[in-house]
Each structure stands twice: as structure tokens, then as C-alpha cells.
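Notes follow once the structure below has been shown.
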2 protein chains.
Amino acid sequence: MACGSWESWESWLKITAVMVLLSPPACCSNILVVPVDGSHWLNMRVLLEELHARGHNISVLRSSSSRYIAEEPSLYHCFTMSLNGKMGITEDQEMLSQFLLDSLEILRGGLTLTAFVRNTQIIRKMLWETHHKQREFIRLLFEDSALMEKLQGAGFALVLTDPFFPAGVMLAHHLQLPLVCHTRWLSFGDSHYLIAPSPTSYVPVVGSRYTANMSFLQRLANAMHYITTVKLGSAMIHPSYDELCHRFLGPGTDIETLTQHADLWLMKVDFVFEFPRPTVPNIIYIGGIQCRPARPLPPDLEEFARGSGEHGVVFMSLGSLVTQIPAELAETIAEAFAQLPQRVIWKYQGDRPANLGNNTLLVRWAPQNDILGDPRTRAFISHGGTNGIYEAIYHGVPVLGLPLIFDQYDNLVRLDSRGAALTLDVSRLDSRQLLEGLREVLSQPSYREAMARLSALHRDQPQTPLQRAAFWVEFVLRHGGAAHLRPAFFGLPWYAYYSLDVALCLGMVVASLTGLALLAIRRLYRALRRVKEKQS
Amino acid sequence: MACGSWESWESWLKITAVMVLLSPPACCSNILVVPVDGSHWLNMRVLLEELHARGHNISVLRSSSSRYIAEEPSLYHCFTMSLNGKMGITEDQEMLSQFLLDSLEILRGGLTLTAFVRNTQIIRKMLWETHHKQREFIRLLFEDSALMEKLQGAGFALVLTDPFFPAGVMLAHHLQLPLVCHTRWLSFGDSHYLIAPSPTSYVPVVGSRYTANMSFLQRLANAMHYITTVKLGSAMIHPSYDELCHRFLGPGTDIETLTQHADLWLMKVDFVFEFPRPTVPNIIYIGGIQCRPARPLPPDLEEFARGSGEHGVVFMSLGSLVTQIPAELAETIAEAFAQLPQRVIWKYQGDRPANLGNNTLLVRWAPQNDILGDPRTRAFISHGGTNGIYEAIYHGVPVLGLPLIFDQYDNLVRLDSRGAALTLDVSRLDSRQLLEGLREVLSQPSYREAMARLSALHRDQPQTPLQRAAFWVEFVLRHGGAAHLRPAFFGLPWYAYYSLDVALCLGMVVASLTGLALLAIRRLYRALRRVKEKQS
């Protein structure tokens, strides 16, 4: 217990720290993962790789219709549910393409009330359909007694889930296991809303397109956004799982409370990107978890990039979600690219635009992180998905934003407000605008400098986001939970949470005392008047 | 930029992490420290030792009447202000002793309204006098043009201060330097209140003696505590510095806003101890920063402890603040100790009680951390100061609490609620009670087990609190601030912060619409009636 002098203690501590960093974890556990497909999966898989490397046994619950979540026996064991038809937003490409076209058409008409209402209706319909499919998934899962027995007997120590869909949350409760959420979004907005105070006065609701500094009218609109998306959204979606909760988990259970009860939240957020906001101790920030130093480019891309000379390369990708854009939009983009001195790598799965320039290379898939980390890359044309944005921040590449749907515009607002991106309106884009925008991002040093500053701040952390995420998953494994980090607001009804009952009570006391005082004064006044009258 | 395969990247990362951990920081900076004396200083000094070891040059601004902040040329350079009379709560031992006696007398009468009011009055008087002295200190400081010139020319890169007194905050603003606060308390309560949302429904105000789970009546009382201590306290204290701010820093400045503007808050809190509560990204938690593995005991204590045999040792300390307790209380304690089979080390500066047992050793000073870390130590009798509590948690020693003043009772409530401590009422203490309490803590394994669990959770961190604190101070040095972690609620008036203006506006819109609808219905009804009347 005791050890020499202060100096020897210091060196002891350093040696211990190094040992902890290099040594394998004490024990290897069975982890049940319930992911969400699409881009959500892409960076959850990075964490699974790390946990696998640390010796844990990973099992993934997936549907047979998964688009990205493949069977990878070298990395994880699969429990595959047979499901008719596509599941979830990210797996139904047809629904998405239609949504994108609708959104562009609506945007073209400007941000009018009608456009807002129609867009909201589409999102609601999409959400409703995907949640309907998710409920079917949950029903099949809990009714599959053979599978449930397997899950119960597998000796899992933890459930790791993306709570965008609640199957993992329900499973953790059913199996009585600690729960770790890997998340940024729930169906109704930022996951923070479920567990951390979020004053609408300086926390802009995603969809509002505001920064953290809002005028009175913006704060008013932000509050309306909060009510119509966060509050109405959760009031609409959560109760739709009540019947399943009561049936499979017992009466008195509901999705909102079960999710709030998670031990730990691995939040895909970093405050070089997100506006600083209130948080709680059981949120661990892991924004940029997938970023890593660039590996060499594949031979074809390397050769193409080498030919760019002093002008360098521009990279364009609209992400994994959207594979099709309207042909005329593709031609507009191709026309602008053809006029650049740079070479352009364009990740695009649609038909080859007729006017594609010689300087532009279409690829169906691209190693985005490696391209952004290549020193020849001068700009990133992005739809504003968070994975791409974090990679751009990590490598310090300025962004030209072409936001399409969901959170993409708001994500770009966050970069714009730091001077690290320029955002264009896709719905009214012409090739001249795009070219001018590109030239500005490429020639104005302020964009690259702002990105370099964000990059320096983001990289200067005691641990990488990946190490941090793995540390805290293992923390929950070591201690069988992390309840001591979870604020005790559970079980408080909303009026008690906001102290409205206390305010009402205090208000009534003050009112009663004021009333009594007034009454007393009145009586006194009358008595005095009577005395006066008698005297006169 | 590019580097081999994924595996080689992993090893690269590990090597980098080790290098970062072991290597000296890139540059060594001049840091100006404005501390608060007493126990506050004790663990700030631990951080200064670490920063000094990392090669930074430390300068400390102190008053000539300092009790603990000595001149230590090997560790830091001193700027010493000559001040007549004692400064601050912690330096005026006479005032403290009187306060303690008053508090005990009040407590003996029970927690009545009179007692509460009288105790509050005493605290207010103490606070007022110490802040009066602090204002004198600030006036002398800013009027000492030779000293101010020296400070301006010293090339400081950062101000590190305990914002309990605002001299450091004002200096940072004047010198236009990044500001790091090292804190747990401001004069009106928990420092969190100034920068993080603190719902009274699940965040108990210190002084309330509640846990995070409150009944309706407790929530009501907690809200009253919040209004009477936090809100009235800050409304009383902050404006008392307005004149100094306007005179030395210019019009429009005030202490509250200047303090809120700090880049980073090193908060002496850990959530194995404090109830989990909302926080903000620029708070770094460093509770237990002073804890470290025990060093061997000095020869006299070692010999005394060795003689304890199988029964082990009990350690008692009422902290650095209180040096005198009433003689009768000392005798009560001595009487209980004499009946224990354990040996007792009692840190006590008062007169030797006549009935002191042979098993009890009085010491004027004790290496608290080393005694608590000694495997023979079975229990810690503590007043509930946070330094001692964190050391007890770190070493897993159960606590018998004898709280006296300030936050001590509330600190012990936090340990009690985890089953790791037993708290007694000092004001009515008799030796039988004390003996029974001690026997329970010593014989019931639950206390030691609960402490062992807290200890395991507390020690399981990616960095030690000290490494974390030093990392973030150097982060602010490297980037010239940490503004990107600071939520943007500054400049919002209170009604805007709480969205009261937005609520009022929305309320008026709803009321107007309802009014118009009612009016329309009334007109319609009348029109219909008129038609009917005509018909009849």
C-alpha cells in the first residue's frame, strides 16, 4: 500500500497509466448489439471493431433485409430475423428517393407555411411507416420463443443499442441487462431532449436552422419548433409502443421511461461541431469516433489524384442514404465541375451525366476518410451528414454544403457559423452558383483556416473518441452498470420536474397572504371611517 | 499522412498516446494564480505542483495575512499584498470559533425557524465582513500601479483562480487573459448555479440536507432554500462589487457576467459523491484531485498504529478550518474513544481533555491521506469536509460524521444515502451515542462494502483527476481559451433565458384567438336568436 517518496509515486502512477493503456481488459464479455442500419451502423461498427479487438464477443441482432449490416463471422455472431419487406428509413431506398424529390420540390417553393406543413406530413408518414415496421420486428422477436431462449442463455453482460428504434431498449429491460445507447437522434430529434435540460432560448431545435444566438422572433420560432417536433413527435411515437411494452414487458412500462433509464449514452457529438448545451454526467461525447489517420488511396484513385498537380482534388459525396438525385441536378453539378482546374472525385451511383468533364471521376463507392485525409484534397462537397462532417473536421478540409433532407441543413449551419463551410440551396442550384461557391471555398484562406482551428481543437483530447467509447462500455461491464451517473429525475411527473406544483403552491400562499392583508387593511379603513363618522 | 495498414495504425495510435502521456508539454507558460486560503488552497496547491512539474512558471497573488499560502520559491513566485487585519473566512480564526459556538447552540435547539433565521444572519454577517475585506484587497490591488505594471509585463498566458472571491476574475478581465476557475463553492452556494441548469425538483440545494429524491414538501422547501440562499445570496453579494468593476474595468461590467465568462471550470466534484445533476461542456470534474496512494506513516504514528494489533486504528479529524471545539464536547469524545479496543489518532489543536484514554493519540497535524490509506485504518471520524471525504472514498474507509457548519451536513447526507457513512448530531452528542455509532460503523460490513464500491467507481477513470485538471489547463494554454465549450446563454436577460417573453407572447396569441373565437360564436348565437325571434 505504501510506496517510497513522492517522486517514486509519480513514476509509479505513470507506469500504471501506461500499463492500463496497453494491457488487455481484465475480462472478456458477451455483448448484445441491436443496431440501426445505414450511416448509423457505419460508425457503430467502428466501435464493435474496437470492442472485438479488446477481446469481447459481439452478437448482432439484425433483420434479413438489412442493407449494410452484413454477416461478418470474423467480427460478430449474427441473430438474423426474417422480415418480409424492407425495414426502416435506411433500408427502403424507394421511399427515400421519393422523399428527396418531394423535399426538393417543396424547397423550390421557398420556406412557406405550406411547404413546412407538407414536409412535416411526409416526414410523419415516413416515421409512421418505419415505426410500424419496427413494431412488427419487435412482435416477431418477442414471439420467437426459440430465439428469446437463445438470447437469455447466451450470458450477455450488456446491451449496446441505437435507441432510434426501441427493440434494443426493450430487450435490455427484458433480459435485465445494463444498457448503453449509441446515438445522436431519436425519431423526434436530438437524443439530448430525453435526458438533459434543453432551454429553447439558446439550444436551437434541429430543423429550425438557427444558431445558438437567436433574436426574439427566432426564439419564438424555436419554441414552436420544439413543441411541434420534439413534444408532439414524442407524444405521437412513444405511445405507439405501449401495447407491445405492456404485452411483453409487463404493465406500467413505456418506451420513454425505459430509454431514459439507460446506464450510459455514447453521444455522437463533439462541441467543435455542436453548439455547447447543457448535458448530464452519463452522456459520454464520442463525436468523430470513426475518424482516423488516412490510409493510402486505392491505385486508381491514387493515380487520378496524382494527375491533379498543383491544383489538388475536390471530393464530392452526398452520403450513403441518398443514391439518386434528379438527372438535371446531376448535370448542373457536372457542368460546374468541368470548369474547375481541380480534379474531382464524385461518389455517385446514378446515371453518368452527359456533360461530365474529363477532370471528374465518378465512383460508386469511395474511401471517404482516406480521400479527406489526403493532403491533395482541397475541398469537400457534402450533403452535411455528420459522418462526413466529422471526417472533414478531423482532416481540416473546408466544406461546400449541398444539404438535402433531415438534419443536413442544421449540420451545415454549425459549420457555417464557425466560418468553415459555405452552404448553397440545392433546390435552386445552377452551375454558375455552384462554381462561384466552389471557387470561394477553394480560394479564400479563411475557410481552410477555420477548419484547421476546429481540427486542432477536435484532435486535442486526452483519449480518442473511440478509446473513450470503449473505455466507458468496459466501465459499465466492470461495474454492472453506471447508475451513479444518472440524474434522479425519473418518476417525476412533468409538472413536478418543472416545479409547477411548487410554484402553484407558493403562488397560492403569496396570494392568500396578500388577500388577507388587503382584507385587514379594508377592515381597518372602514373601522377608522366609522370612528370618524361618529366623531363628526 | 498515410500510414500502412489498419493494424499498424492502431499501434501508431497507442505509441502516440503513450508519448503524449510521458512527454513534456510543447511549451512552458507563465500562469497567474489567485487562490483562496484554507482547505480551498490545499488542493489547489496539488494542481500547482503538477503544473510546476510540467514545466510551467507559477506566480501566486497572496495577502500578507495568509494562513496557509506560504512563500514557496521552489514551487512558485509570490506577489504579496500587505493587508491590515485578517482576510476572508478562513484566515480569521476568532470569527470562525465564535461562529461554530453559535451554530452548535442554535442546533441544540433543533431546526426551528428561529434557529434557521439566526444561523442565516450569522452566515450573512460573516460573508459580508469577508467580502468587505475582499473589496479592500481588490481596491489596494488595482490602485497599486507598480504591482499592476509588473503583472501586465510578466507575460502571463492564463489566470487560474478560485472564484469564491472575485479578485482573480477581475484580474483576468483586466489583463485580457483566458480564465480557469478551480472551484466548488461560490458565496451563495454550489458554483454550478452560475453556469448550469439546476432544477430544484431533483437538485437539492446545499443547506437543505435533502437527497436528490424529494417528496413534494421537500421540493417546496428546496425551492425556498434556492430562493433564500442562491438567489438572494447572489443578489446581495454580486452588486456589492459593481462600484469596483465600473471603476477599474469600465462601465457595463459586473462580477456575475465576468465569472460566467470563464473559459473552463475545474469543478471539485465527482459523481460517486455528488448527486448526478445537469452540467455544461466547459465543466471538468476533478473531485478527489488531491488523493494519491498512501506514503509510509511518520515513525511516531507508525509505531502507534503498529501497537493496535488486530483491532486497527480509528482516525479523527475535524478539518483545517475548525481548530477549537468546546471543552465539554472534547471530553465527550475522549470518553467514548477510551472505551474502544481500537487505537485512535485524533487531530486536535485544543487543550488535552482530562479523561483522554491511553489508546488515543492527540496530534496537532496529521498526514490525513496517508493515515486513511493505511490498511490498519478501520474508520474515519470526520466533520464532513470534502477533502477528507474524497480521501476516505479513494481509500475505501467508512465514515462516522460529526458535521459542524457550512456544507458539512449535506456532504455527509451524500455518503449516508449510499450507505457509506453514519452521521450523528454534534449538538446533542453524548459519549454513549458516539460509542454506539462508532461500533456500528466498525462492525457492520455494509459500511465498508459501500465505501469499497464507491472507491472502485471513483478510481476507474481514464485519467486521474489531477492529470485531467492539468490536461485541461494546458488545453486552454495551447488554444488561448476554450470558448467553443461555453454555452451561449450570456447576455440573455433572465426572462429570455427562461423563455418567459416567448411564453407570454404565445399565451397572448392563444388568448387573442380564443377571445376572437368566443366573440364570433356570441355574434353568431345572437344573429341566430334574432332570426328565430323574427320568425316567431
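The values are calculated or read from the model by the stated rules, or taken from the named source; none is laboratory data. Just so you know, these numbers come straight off a predicted model, no measurement behind them. Methodologically, a virtual Cβ is constructed for each residue, glycine included, from the backbone with ideal geometry; neighbour enumeration extends over all protein chains shown.
Tabulated values for the structure
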quantity: Residue satisfying condition, being under 27 Å from A:Ile389 (Cα atoms) and touching a His at 6+ places or on another chain (Cβ under 6 Å), within set A:Val272, A:Val280; calculated: A:Val272
quantity: Matching residues, the range A:394-422, being out of contact with any strand residue (DSSP E or B) (no Cβ under 9 Å at 6 or more places or on another chain) and closer than 15 Å to A:Arg448 by Cβ; calculated: A:Tyr394, A:Gly396, A:Arg418, A:Gly419
quantity: Top-ranked residue of the range B:470-482 - restricted to ones that are in contact with a helix residue (DSSP H, G or I) (Cβ under 7 Å, 6 or more places away or on another chain) and within 11 Å of another protein chain (Cβ to nearest Cβ), ranked as nearest to B:Tyr285 (Cα to Cα); calculated: B:Ala470
quantity: Condition check for A:Ile345: surrounded by 22 or more Cβ atoms within 10 Å (Cβ to Cβ) and either outside the structural domain of A:Phe315 (by TED's automatic domain parsing) or in a strand (DSSP E or B) (or both); calculated: yes
quantity: The range B:295-348: number of residues that are farther than 18 Å from B:Gly384 by Cα and within 28 Å of the chain's Cα centre (by Cα); calculated: 2
quantity: Failed item, numbered, when B:Lys231 is tested on (1) among the basic types (Lys, Arg); (2) in contact with a strand residue (DSSP E or B) (Cβ under 8 Å, 6 or more places away or on another chain); (3) surrounded by fewer than 22 Cβ atoms within 10 Å (Cβ to Cβ); calculated: (2)
quantity: Residue in the range B:428-448 that is in contact with a Lys or Arg (Cβ under 7 Å, 6 or more places away or on another chain) and modelled with pLDDT of 95 or more present; calculated: yes
quantity: Residue in the range A:315-330 that is part of a helix (DSSP H, G or I) and in contact with a helix residue (DSSP H, G or I) (Cβ under 9 Å, 6 or more places away or on another chain) present; calculated: yes
quantity: Residue in the range B:218-237 that is among the basic types (Lys, Arg), farther than 26 Å from B:Arg418 by Cα and within 22 Å of the chain's Cα centre (by Cα) present; calculated: yes
quantity: Lone qualifier among B:Ala354, B:Ala330 - being among the aliphatic types (A, V, I, L, M), surrounded by fewer than 16 Cβ atoms within 10 Å (Cβ to Cβ) and free of Cβ contacts under 8 Å to residues at least 60 places away in the same chain; calculated: B:Ala354
quantity: All positions within the range A:39-60 that are over 19 Å from A:Ile138 (Cβ atoms) and outside any helix (DSSP H, G or I); calculated: A:Arg54, A:Gly55, A:His56, A:Asn57, A:Ile58
quantity: Qualifying residue in the range B:507-519 (condition: touching a helix residue (DSSP H, G or I) at 6+ places or on another chain (Cβ under 7 Å), outside any loop (DSSP other than H, G, I, E, B) and within 14 Å of chain A (Cβ to nearest Cβ)); calculated: no
quantity: Hits in the range A:187-228 (condition: assigned to a loop (DSSP other than H, G, I, E, B), in contact (Cβ under 8 Å) with a residue 24 or more places away in the chain and over 18 Å from A:Phe273 (Cα atoms)); calculated: A:Ser187, A:Phe188, A:Ala196, A:Pro197, A:Pro199, A:Thr200
quantity: Selected residue (criterion: farthest from B:Ile284 (Cα to Cα)) from residues of the range B:491-506 that are within 9 Å of chain A (Cβ to nearest Cβ) and part of a loop (DSSP other than H, G, I, E, B); calculated: B:Ser499
quantity: Residue in the range A:246-265 that is part of a helix (DSSP H, G or I), at pLDDT 95 or above, touching an Asp or Glu at 6+ places or on another chain (Cβ under 7 Å) and crowded, with 18+ Cβ neighbours inside 10 Å present; calculated: no
quantity: Odd one out for A:Val314, checked against (1) within 14 Å of chain B (Cβ to nearest Cβ); (2) under 19 Å from A:Leu435 (Cβ atoms); (3) not charged (D, E, K, R); calculated: (1)
quantity: Selected residue (criterion: farthest from A:Thr423 (Cα to Cα)) from residues of the range A:451-468 that are crowded, with 18+ Cβ neighbours inside 10 Å and away from chain B (no Cβ under 11 Å); calculated: A:Pro465
quantity: Number of the condition not met by A:Thr120 [criteria: (1) within 30 Å of A:Met214 (Cα to Cα); (2) modelled with pLDDT of 85 or more]; calculated: (2)
quantity: Among residues of the range B:410-437, those that are over 25 Å from the mean Cα position of the chain (by Cα), among the small types (Gly, Ala, Ser) and buried (at least 19 other Cβ atoms within 10 Å of the Cβ), counted; calculated: 1
quantity: Pair list, Cβ under 6 Å, 6 or more apart: the range B:475-486 residue closer than 13 Å to A:Pro276 by Cβ, other residue β-branched (Val, Ile, Thr) and part of a helix (DSSP H, G or I); calculated: B:Ala482/B:Val476
quantity: Inter-residue pairs, beta-carbon under 8 Å, first more than 10 Å from chain B (Cβ to nearest Cβ) and in the range A:290-304, second among the small types (Gly, Ala, Ser) and assigned to a loop (DSSP other than H, G, I, E, B), 6+ apart; calculated: A:Leu301/A:Ala366
quantity: Verdict on A:Glu440 being of a type in the set (Asp, Glu), surrounded by 12 or more Cβ atoms within 10 Å (Cβ to Cβ), without any contact (Cβ under 8 Å) to a residue 40 or more places away in the chain and more than 9 Å from chain B (Cβ to nearest Cβ); calculated: yes
quantity: Enumeration of residues in the range B:169-186 that are touching a residue at least 12 places away in the same chain (Cβ under 8 Å) and not in a strand (DSSP E or B); calculated: B:Val169, B:Met170, B:Leu171, B:Ala172, B:His173, B:His174, B:Leu175, B:Leu177, B:Pro178, B:Arg184
quantity: Residue list for the range A:360-409, filter: over 22 Å from the mean Cα position of the chain (by Cα), without any contact (Cβ under 8 Å) to a residue 40 or more places away in the chain and more than 14 Å from chain B (Cβ to nearest Cβ); calculated: A:Thr360, A:Leu362, A:Arg364, A:Trp365
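Residues are listed down the side, and each one gets a yes or a no for (1) surrounded by fewer than 19 Cβ atoms within 10 Å (Cβ to Cβ); (2) in the same structural domain as B:His192 (by TED's automatic domain parsing):
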position	(1), (2)
B:Ala221	no, yes
B:Ala235	yes, yes
B:Asp270	no, no
B:Glu274	no, no
